[in-house]
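One structure below.
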Amino acid sequence: MEEFHSFNGFGRSVDIKMKAFIKELLITSVYILGALLAAFLIVRFVGIRTEVHGNSMNDTLVNGENLIVDKISYRFSNPARYDVVVFPYRHDKSVHYIKRVIGLPGETIFIDKDGNIFINDILLNESYGREVIRDPGRAAEAITLGLDEYFVLGDNRNNSSDSRDPAVGNILRSELVGKAWVRIWPLSRIGFIRHQ
């Protein structure tokens, strides 16, 4: 006859602890997967973090600042004049530019020899440019934008590769990644980006 020896519930205690551990592991895994899914959806459809490289948007944005780019707004509305937008450089899609919208679809842009910007022959009264434009580039001749094109400039007008440069040119609506929304680094400059 076989004898059964009890070890004061030791085997059952280990079984209960193992089940509790597995349950906790599953719950934690579900939370982690949920967080990763939420992060993926946010980055894919809502917003992404980007870092400013260079000085073309001084003094609005400074080299090394980190931003969150809002990717969802332009799904429901069109870019407005003075929006700060992000788009890929046509000749290297891994490089993204950040500039300010100056010209809207269907408008005619012209920059005279004194650096004045004209939209449909009306002087644009704006204060985003850091200094007077010295080189109007391709805008020295009137540029009429297509129905889905935008003309963008850096705020540091004399240190910016933007729509005046044939390598950048007019930006298509479909090329816009999104609108710069909030500065998250450095902490001393944290805050929303000024557009209008």
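Please treat every number below as a calculation from the coordinates, not as lab data. Given the structure is predicted, the values throughout are model-derived calculations rather than measurements. Quick reminder, even Gly has a Cβ in these numbers, built from the backbone with ideal geometry, and neighbours come from all protein chains shown.
Assorted remarks:
- A protection proxy built from the mean count of other Cβ atoms within 10 Å ranks the segments 79-92, 149-162, 181-194, 19-32, most packed first, as 149-162, 79-92, 181-194, 19-32.
- Charge sum, other residues only, whose C-beta stays under 10 Å from Trp185's C-beta, Lys/Arg counted +1 and Asp/Glu -1: +1
- Sorted into 10 angstrom bins from 0, the C-alpha pair distances of region 102-152 split as 28, 59, 13 percent.
- For the chain, with +1 on Lys and Arg beta carbons and -1 on Asp and Glu, the positive-most of Ile102, Ser174, Gly146 along the dipole: Ser174
- Debye-formula intensities of region 91-196, expressed as log10 I(q)/I(0) at q = 0.09, 0.13, 0.16, 0.22 Å⁻¹, are -0.24, -0.50, -0.74, -1.28 (one equal scatterer per alpha-carbon, no solvent).
- With respect to the chain, whose longest principal axis is taken over its alpha-carbon atoms, helix 10-41 is tilted by about 10°.
- Formal net charge of residues neighbouring Val168 (Cβ-Cβ distance under 11 Å; K, R +1; D, E -1): +1
- Shown for the chain: lysine pairs separated by 8 or more places, or found on different chains, whose C-alpha atoms are under 26 Å apart, numbering 6.
- A simple spin-label model places the labels of Ile190 and Asp15 5.2 nm from each other, with each point 7 Å out along Cα-to-Cβ.
- Kirkwood Rh in Å, taken over all unlike Cα pairs in region 118-180: 12.7 Å
- Value of relative contact order over the chain, rounded to a whole percent, pairs C-alpha under 8 Å and six or more apart: 22 percent
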